[in-house]
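Single-structure report; data block below.
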């Protein structure tokens, strides 16, 4: 193995540069971007498991479904029920559904259970993406307002604005 390659715990080879990129992406991501990454991971592993079941590669399907299940568990454990108990209860029910479908898929090698979970994961991911986009726009608007608030009065007047009421 050369310096540009590394091995994860499962022995799967990958580029060290890929691992560095992923580590940097995770370390610099906002909490909402991290959540989106978790959805992406769960979807990726579920799809890989589906392909593995169809190829009768049950060891790989087990591994990928277990990884997807673990991601769902992490998201479930990350819910803060103190902030909004009603919403968290509803989201927890979705995570419970997803987890049960993935377990069923693993136990029974059931592609349709994976398909059910993928449909829900896609909806949840798309919803989360809309939230990420909305937060990004709000942050941009706040940054623009802060820049305007911190600009010298002469600079604001030069742009055609008046600071007088």
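The values are calculated or read from the model by the stated rules, or taken from the named source; none is laboratory data. Computed from a prediction, not measured in an experiment: that's the story for all the values here. Backbone-built Cβ (ideal geometry, glycine too); neighbour counts: all protein chains shown.
Could you say whether any residue in region 124-138 is within 11 Å of residue 46 (Cα to Cα), in contact (Cβ under 8 Å) with a residue 40 or more places away in the chain and buried (at least 16 other Cβ atoms within 10 Å of the Cβ)? No, every residue in region 124-138 fails to be within 11 Å of residue 46 (Cα to Cα), in contact (Cβ under 8 Å) with a residue 40 or more places away in the chain and buried (at least 16 other Cβ atoms within 10 Å of the Cβ).
Among the residues of region 128-143, none qualifies, meaning not one is modelled with pLDDT of 95 or more and not in a helix (DSSP H, G or I). The helices (runs of 4 or more DSSP H) found wholly in region 16-96 and carrying at least 3 residues that are modelled with pLDDT under 95 and more than 17 Å from the chain's Cα centre (by Cα) occupy 16-28. Taken together, the residues in region 103-119 that are within 19 Å of residue 36 (Cα to Cα) and either surrounded by 15 or more Cβ atoms within 10 Å (Cβ to Cβ) or in contact with a strand residue (DSSP E or B) (Cβ under 7 Å, 6 or more places away or on another chain) (or both) amount to 2.
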